[in-house]
Amino acid sequence: MKNTEQLEAIFQAVLKTSKDLEKSYNELKEKFNLLEIKLENNRRYLENILKSINTGVCSVDLDCMITTFNREACSVFEVEEEDVKSKKLNELFKIDTDNVYELIEKFSNQTKMSIEINGKEKKISMSASPITDNEDIVGAVIIFSDITRLEELEEENRRKEKLAVIGQMAASIAHDIKNPLASIELLVSLLGDDSKKDIADNIMISIKRINNIINNTLLFTKTVIYRPEHFNTGAFMDDVELEVYAHLKSRIVKFEKRVKRFDIVTDKNLLKSAVVNLIVNALDAARSRVVVSVYKKNDKAVFEIADDGFGIDSQTAKHIFEPFYTKKKNGTGLGLSIVSKAVKIINGKVEFETSKDGTVFRIWV
Ligand SMILES: Nc1ncnc2c1ncn2[C@@H]1O[C@H](COP(=O)(O)OP(=O)(O)OP(=O)(O)O)[C@@H](O)[C@H]1O
Ligand SMILES: [Mg+2]
């Protein structure tokens, strides 16, 4: 009996211990679950921070193997997160190290670099800092941002500032030349003597050329006011021919006019600058012929300048309307930028078609 009691007591003790154990286990499990939820929340919170910031963040381990690559980093490198995880950093872009210590040293300061992504060049700025665990380096975190657009804007600003200064200078020079030039033109026109006619003609041609350059420069640099007037396309084209006379005389290219005569209302001087510049370009490009046609289509006046030159290649075509873009030895590159400026002011449209057999420019007003 004594034994049974003893056994019973032991059993009860074991039962209690096991109940206590079960209780502690359950408490522990609950704590563990809570911790796990907290940990998951923290992980998600961190992930959201990484996702939300508009800076590229990438972490690597000691072997420079990528462990984190946030959304902005993916967008900079145009990749998916799964594609880069467990890849080495130098597989993603050209850096000449896969040693984390070297990486940290090299990029300890913000560094700008160019990288090629899917055939496009991007400028990124990046810096690397160590990830430490108890003072031991266990990896690195690399912060980078795409500064391509920023650099482009800075470059554009620098160019604009330069242009503004050049513009002011050019405008004042052009303005000062215009007056003595008008006097020379008048004096030359008075040289009626037949024996000197050729000389006088040549001087006149040069004067017209200088005049054209000055008009272009002034048009390019100053703010132009739209001054519409009523005129006939026939008389207008005679005026235009007079303006390009200098260019016609010095070339073997045939110049043909097919002009429908009708009245229009627009800024005559602006339209003239545009048409003259297109004709001069066509004369430069033509192999043998330039045809200028004026006609009406869909209630609009069309001024069409066609040449039989070698055309404009696609790379050049992207830039021709930019100021100072020229492929000619003596060109200023202002012609087409003036065409687009003038056409815009008169509320018109300029277009072109080009092939290896020639180019057609059209102004619609
Ligand atoms: N009809 C054309 N055929 C072939 N190329 C052309 C034609 N018109 C323009 N281009 C190209 O576009 C470039 C820019 O023309 P744009 O008139 O702006 O400047 P430019 O003629 O070079 O110099 P500028 O007109 O200031 O004397 C030219 O240098 C030329 O390469
Ligand atoms: Mg030109």
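Going by how many other beta carbons lie within 10 Å of each one, how would you line up 74, 58, fewest first? Walk me through the numbers before you get to the answer.
On the way: 74 17, 58 25.
Fewest-to-most ranking of 74, 58: 74, 58.
How long is the gain from residue 364 to residue 321 if the chain were fully straight, where each residue apart is worth 0.36 nm and the alpha carbon distance is subtracted?
On the way: separation 43, 0.36 × 43 = 15.48 nm, distance 1.67 nm.
Here the answer is 13.8 nm.
Is there a pair in 272/344; 120/344; 112/341; 297/328; 160/327; 257/327 whose C-alpha atoms are over 25 Å apart, and which pairs would that be? Write down the numbers at each step before the final one.
Working: 272/344 14 Å; 120/344 32 Å; 112/341 37 Å; 297/328 34 Å; 160/327 21 Å; 257/327 27 Å.
With Cα atoms farther than 25 Å apart: 120/344; 112/341; 297/328; 257/327.
I'd like the orientation of helix 233-249 relative to the chain: the angle between its Cα long axis and the longest Cα principal axis, in ° from 0 to 90, rounded to 10.
90 degrees
Connecting C-alpha atoms closer than 10 Å in a GNM of the chain, tell me which of 96, 61, 284 has the biggest fluctuation.
Largest GNM mean-square fluctuation: 96.
What are the semi-axes of the equivalent ellipsoid for region 153-364, taken as the square roots of 5 times the Cα gyration tensor eigenvalues, largest first, in whole Å?
Working: eigenvalues 131, 113, 73 Å².
So the equivalent ellipsoid measures 26, 24, 19 Å along its semi-axes.
How many Å³ per residue does the convex hull of the Cα positions in region 55-146 occupy? Before the final figure, lay out the partial values.
On the way: hull volume 7.9 nm³, N = 92.
Hull volume over Cα atoms, normalised by residue count, gives 86 Å³.
Under a 5 Å amide H to amide H cut-off, with H placed in plane at 1.01 Å, what residues pair with residue 107 once short-range neighbours are removed?
Result for residue 107 returns 128.
Once phi is turned into ³J(HN,Hα) by the Karplus curve 6.51 cos²θ - 1.76 cosθ + 1.60 with θ = phi - 60°, what whole-Hz value does each residue of region 122-130 show in order, with x for glycine and proline?
Per-residue couplings from phi come out as 10, 9, 10, 10, 9, 8, 10, 10, x Hz.
What is the extension gain from residue 108 to residue 157, computed as 0.36 nm multiplied by their sequence separation minus the C-alpha to C-alpha distance, in nm to one decimal? Write out the running numbers ahead of the final one.
Working: separation 49, 0.36 × 49 = 17.64 nm, distance 2.97 nm.
In short, 14.7 nm is gained.
Tell me the Kirkwood radius of region 1-117: reciprocal of the mean inverse pair distance over distinct alpha-carbon atoms, in Å.
On the way: mean 1/r = 0.0528 Å⁻¹.
When all Cα pairs of region 1-117 are included, the Kirkwood radius is 18.9 Å.
Applying 1/(1 + (r/R0)^6) with R0 = 45 Å to the Cβ-Cβ distance of residue 16 and residue 42, what FRET efficiency is obtained, to the nearest 0.05? Show your work: numbers first, answer last.
Working: r = 38 Å, r/R0 = 0.85.
Computed FRET efficiency for residue 16 and residue 42: 0.75.
Quick one: check the C-alpha center-to-center distance for region 98-148 versus region 7-74, whole angstrom.
Each part reduced to its Cα centre gives a spacing of 30 Å.
Cβ neighbours within 10 Å, averaged per peptide: list 268-279, 32-43, 145-156 in order, most packed at the top.
Numbers: 268-279: 23.4, 32-43: 10.0, 145-156: 13.5.
The packing order, highest mean first, is 268-279, 145-156, 32-43.
If you look at just the Cα atoms of the chain, how large are its Rg and its Dmax in Å?
That works out to 38.3, 157 Å for Rg and Dmax.
Each residue of region 223-230 in order: what ³J(HN,Hα) in whole Hz does its phi give by Karplus 6.51 cos²θ - 1.76 cosθ + 1.60, θ = phi - 60°, with x for Gly and Pro?
Each residue's phi maps through the Karplus curve to give 7, 9, 9, 6, 10, x, 8, 8 Hz.
Of the peptides 219-226, 48-55, how do they stack up when ordered by the mean number of other Cβ atoms within 10 Å, highest first? Working shown, then result.
On the way: 219-226: 15.0, 48-55: 12.4.
My ranking of the peptides, most packed first, is 219-226, 48-55.
Residue by residue through region 26-40, what is 3J(HN,Hα) from phi via Karplus (6.51 cos²θ - 1.76 cosθ + 1.60, θ = phi - 60°)? Round to whole Hz and write x for glycine and proline.
Per residue, the Karplus-derived 3J(HN,Hα) values read 5, 4, 4, 4, 4, 4, 4, 4, 4, 4, 5, 4, 4, 4, 5 Hz.
Do the sum for the chain: with -39,500 (n - 2.57) for every DSSP H run of n ≥ 4, divided by all residues, what is the mean residue ellipticity at 222 nm, to the nearest 500 deg cm²/dmol?
Numbers: 11 runs with 190 residues, N = 365.
Here the helix-only value at 222 nm equals -17500 deg cm²/dmol.
Which peptide among 159-170, 4-15 comes first, and what is the full order, when sorted by highest mean count of other Cβ atoms within 10 Å? Don't skip to the end; give the middle numbers.
Values: 159-170: 12.5, 4-15: 9.8.
The peptides rank, most packed first, as 159-170, 4-15.
Residue separation times 0.36 nm, minus the C-alpha to C-alpha distance between residue 33 and residue 127: what's the value?
Details: separation 94, 0.36 × 94 = 33.84 nm, distance 3.83 nm.
So the extension gain works out to 30.0 nm.
In vacuo Debye scattering of region 1-52, one point per C-alpha: log10 I(q)/I(0) at q = 0.18 Å⁻¹?
After summing over all Cα pairs, the log10 values are -0.70.
Does region 129-170 come out rounded, prolate or oblate by the C-alpha gyration tensor, with a ≥ b ≥ c the root eigenvalues, rounded set by a/c under 1.5 and, if not, prolate when a/b is larger than b/c and oblate if not?
Numbers: a/c = 11.92, a/b = 5.32, b/c = 2.24.
Cα axes put region 129-170 in the prolate bin.
Does region 212-338 come out rounded, prolate or oblate, given a ≥ b ≥ c as the square roots of the eigenvalues of its C-alpha gyration tensor, rounded meaning a/c under 1.5 and, failing that, prolate meaning a/b above b/c?
Details: a/c = 1.60, a/b = 1.19, b/c = 1.34.
Judged from the Cα gyration tensor, region 212-338 comes out oblate (a/c at least 1.5, b/c at or above a/b).
If the cut-off is a Cα-Cα distance under 26 Å, which lysines reach residue 38, setting aside same-chain residues fewer than 8 apart in sequence?
23, 29, 51, 85
Give me the angle, in degrees from 0 to 90, between the Cα long axis of helix 268-285 and the longest principal axis of the Cα atoms of the chain, rounded to the nearest 10.
Between helix and principal axis, roughly 80 degrees.
Rule-based calculations on the coordinates, nothing more; no lab input. Bear in mind the structure is a predicted one, so any value in this text is a computation, not a measurement. Neighbour counts are summed over all protein chains in view; Cβ atoms, including those assigned to glycine, are modelled from backbone coordinates with ideal geometry.
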